[in-house]
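In what follows, a single structure is set out as structure tokens and then discussed.
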Amino acid sequence: MTAPIETTGAAAEAQPEAVLAGVGKGQIEGRSLGQIAWTRFKKDKVAVAGGVIVVLLILLAILSRPLQAVFGLDPNAFHQDLITPDTSLPKGSWGGMSLDHPLGVDPKFGRDIATRVLEGSWVSLVVAFGATILSNVIGAVLGVVAGYYGGRVDSIISRLMDTFLAFPLLLFAIAISATLQGGAFGLNGLPLHLSVLIFVIGFFNWPYLGRIVRGQTLALREREFVDASRGMGAKAPYILFRELMPNLVGPIIVYSTLLIPTNILFEASLSYLGVGIQPPQASWGGMLREAVTYYQVDPEYMIVPGLAIFVTVLAFNLLGDGLRDALDPRSR
């Protein structure tokens, strides 16, 4: 007979994390994939900091209009008494910074820059989130369909992706946005501009997510749980949206957090070129366009909206990197 093996102190210390978690508690509790990912994410302090900034930015965007109403702020209010008549520049140093206008006022009109940055925050986030949702819906559906069915269906959708990726997106967006500025589909003004930007940015960016989802689906469709569903008589739509799609949530979330800052930059670029959000509505890209004329004599007017874009994009990128490492530790 073989003698029983005694467990030494060193061996006990080398036990797996799941075993040690139940020592002295009477039972061992398992952890879901979400709990494991959250534990990994919390250890990444940089990603947590990015997530906190993202939450604060979203709250500021949501509360932008209520804050303006409570404090009596108006992003389009002129303060000509704060402008030097002969130069059209703000009175005082650093762009007219004061207690009433902590980030200064803009040249020529004297509008409060802090209020306009706050007003522009919800515009940028609405466009970025709306375009990302549109891209995700189209890309996820077509990607999972292409990956699951394969064959001719996969070939058609893949060629469609290649066609969209071949479009000169910036030039196409400029052409569409400029054409629809006057009014279309019963919309005009700010609702039209927001709708056009969301459609243009979202509709032509879906192939990137589509390729990711297609590649993941090609691997998942050969797994045992998919074979078991087929064996039990499950139809293709059930397998696609009840079996495969839940397993693709991780990559979709990670890609979304990395796509949102790209869309923010795209919206700012279109507004900077004059085919995005139109004045007097405040937007970060529009503020940069106006600041080009004065950046040599009033650099503060360009620095503030530029920093707003920089901090927002950086925060989303840090959050996206942290989520990618938490959901897929092999990516480290």
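The values are calculated or read from the model by the stated rules, or taken from the named source; none is laboratory data. From a predicted model like this one, the values you see are computed outputs, not experimental measurements. A quick note on method: Cβ atoms are made from the backbone with ideal geometry, for glycine too, and the neighbour counts reach across all protein chains shown. All accessible areas refer to the heavy atoms of the entire protein, side chains included, with ligands and DNA or RNA removed. Shrake-Rupley method; radii C 1.70, N 1.55, O 1.52, S 1.80 Å.
The figures follow:
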quantity: Residue within segment 68-77 that is open to solvent by less than 20 Å² (accessible area, probe 1.4 Å) and either in contact (Cβ under 8 Å) with a residue 40 or more places away in the chain or closer than 22 Å to Tyr272 by Cβ (or both) present; calculated: yes
quantity: Residue in segment 310-327 that is nearest to Asp112 (Cα to Cα), counting only those that are open to solvent by less than 30 Å² (accessible area, probe 1.4 Å) and either among the β-branched types (Val, Ile, Thr) or not in a helix (DSSP H, G or I) (or both); calculated: Thr312
quantity: When residues of segment 289-304 are limited to those that are within 26 Å of the chain's Cα centre (by Cα) and farther than 16 Å from Leu118 by Cβ, the one most open to solvent (accessible area, probe 1.4 Å); calculated: Ile303
quantity: Residue satisfying all of: in segment 216-237; open to solvent by less than 40 Å² (accessible area, probe 1.4 Å) and out of contact with any Leu (no Cβ under 7 Å at 6 or more places or on another chain); nearest to Gly151 (Cα to Cα) among these; calculated: Ala236
quantity: Criterion: in a helix (DSSP H, G or I), exposed (fewer than 15 other Cβ atoms within 10 Å of the Cβ), among the hydrophobic types (A, V, I, L, M, F, W, C) and touching a residue at least 40 places away in the same chain (Cβ under 8 Å) - qualifying residue of Ile174, Ile133, Ile212; calculated: Ile133
quantity: Selection status of Val105, within 30 Å of Pro251 (Cβ to Cβ) and at pLDDT 90 or above; calculated: no
quantity: Hey, Ile264 outside any loop (DSSP other than H, G, I, E, B), over 24 Å from Pro168 (Cβ atoms) and of a type in the set (A, V, I, L, M, F, W, C) or not; calculated: no
quantity: Residue tally, condition touching a helix residue (DSSP H, G or I) at 6+ places or on another chain (Cβ under 6 Å) and not polar (S, T, N, Q), over segment 295-324; calculated: 16
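Okay, residues lined up against (1) in contact (Cβ under 8 Å) with a residue 60 or more places away in the chain; (2) open to solvent by 50 Å² or more (accessible area, probe 1.4 Å); (3) outside any helix (DSSP H, G or I); (4) within 24 Å of Phe109 (Cα to Cα):
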{"residue": "Asn247", "(1), (2), (3), (4)": "no, yes, no, no"}
{"residue": "Gly276", "(1), (2), (3), (4)": "yes, no, yes, yes"}
{"residue": "Met287", "(1), (2), (3), (4)": "yes, no, no, yes"}
{"residue": "Ala308", "(1), (2), (3), (4)": "yes, no, no, yes"}
